[in-house]
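Engineer: If you scroll down you'll find the structure; I have some questions about it.
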Amino acid sequence: MMDNIDIIPFKKEHAHHIINNPMNDPAIQIAPQFKKYALFLEIPGMSFTAVKDGKIVVSGGIGILWDNVAEGWVLATNDVWKNPISVARHVKKKLDILTKTYKVKRLQTAVKSDFVLGIKFAEWLGLKSEGLMKHYGPDGADYIRFAKIYWYVICRWSNNWTIAETDIQI
């Protein structure tokens with residue numbers, strides 16, 4: 001616990017709470033017919049929720065696509081604006097732990113092209129734009145693909161290094 005924010009395992013009910021209440025930006029409100037996709041975000045050990053004062057603030061996680069490549073995601077409530085810097089740091093720290101734990105060399109995500117704050121957040125996390133994906137979203141919206149390459153993982157493998165047990169935390 002840091003800054004009175006607790007990190008707990010993510011449950012699909014957390015996503016339902018977030019998407020059925022005001023989210024952190026009007027650009028990302030989710031239409032009812034697309035809310036079913038939240039069911040696939042609950043992956044034990046790979047997803048988390050940040051709670052402050054008993055309220056869900058943000059959830060996030062990764063899903064492994066194939067060896068060493070993961071798709072990252074973040075969903076935030078309007079309450080994120082009460083402690084934006086602290087919450088952002090928690091998300092970054094947790095995503096860094098997950099990528100290290102699961103030996104991810106490429107983390108990628110898609111950000112709706114008109115979600116300016118989401119684009120800035122992805123860049124703050126160290127992800128770089130790889131281009132526009134036309135009609136990518138479930139609603140046909142354009143998205144931007146962002147990705148981050150974890151060179152320390154690639155270097156460790158090429159030098160036959162291993163990650164110490166003490167470095168792996170969930």
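The values are calculated or read from the model by the stated rules, or taken from the named source; none is laboratory data. Quick caveat: nothing in here was measured; it's all calculated off a predicted structure. A quick note on method: Cβ atoms are made from the backbone with ideal geometry, for glycine too, and the neighbour counts reach across all protein chains shown. We work out accessible area using only protein heavy atoms, side chains counted, and drop any ligands, DNA or RNA first. Shrake-Rupley method; radii C 1.70, N 1.55, O 1.52, S 1.80 Å.
Engineer: Out of every Cα-Cα pair in the range 82-147, what percent are more than 20 Å apart?
Structural biologist: On the way: 747 of 2145 pairs.
Value for the range 82-147 (Cα pairs over 20 Å): 35 percent.
Engineer: Here's something else I'd like to know. Compare Asp96, Asp114 by solvent-accessible area with a 1.4 Å probe and give them largest first, with all protein chains kept in place.
Structural biologist: Numbers: Asp96 55, Asp114 90 Å².
Result of the area sort, largest leading: Asp114, Asp96.
Engineer: Given a 1.4 Å probe, how much area per residue of the range 1-149 is accessible, in Å²? Mind showing how you got there, number by number?
Structural biologist: Values: 7810 Å² over 149 residues.
Ligands and nucleic acids excluded, the result is 52 Å² per residue.
Engineer: Out of the total accessible area of the range 36-132 (probe 1.4 Å, heavy atoms of protein only), what percent is carbon and sulfur? Kindly include the intermediate steps, with their values, before the conclusion.
Structural biologist: On the way: 2790 of 4770 Å².
Looking at the range 36-132 in its full context, I get 59 percent from C and S.
Engineer: Find the Cα radius of gyration of the range 50-100, compare it with 2.2 N^0.38 Å by division, and give the number to two decimals. Mind showing how you got there, number by number?
Structural biologist: Numbers: Rg = 12.1 Å, N = 51, 2.2 N^0.38 = 9.8 Å.
Dividing the Cα Rg of the range 50-100 by 2.2 N^0.38 Å gives 1.24.
Engineer: Can you work out D for the range 52-162 in µm² s⁻¹ from Stokes-Einstein, where Rh is the Kirkwood radius over C-alpha pairs, the temperature is 10 °C and the viscosity is 1.306 mPa s?
Structural biologist: It diffuses with D of about 106 µm²/s by this estimate.
Engineer: At 7 Å along the Cα-to-beta-carbon direction for both Lys12 and Lys128, put a label point, then send me their distance in nm to one decimal.
Structural biologist: Output for this residue pair reads 3.7 nm.
Engineer: Based on the Cα coordinates of the range 1-90, what is the per residue volume of their convex hull in Å³? Walk me through the intermediate numbers first.
Structural biologist: Numbers: hull volume 9.7 nm³, N = 90.
In the range 1-90, the Cα hull volume divided by residue count equals 107 Å³.
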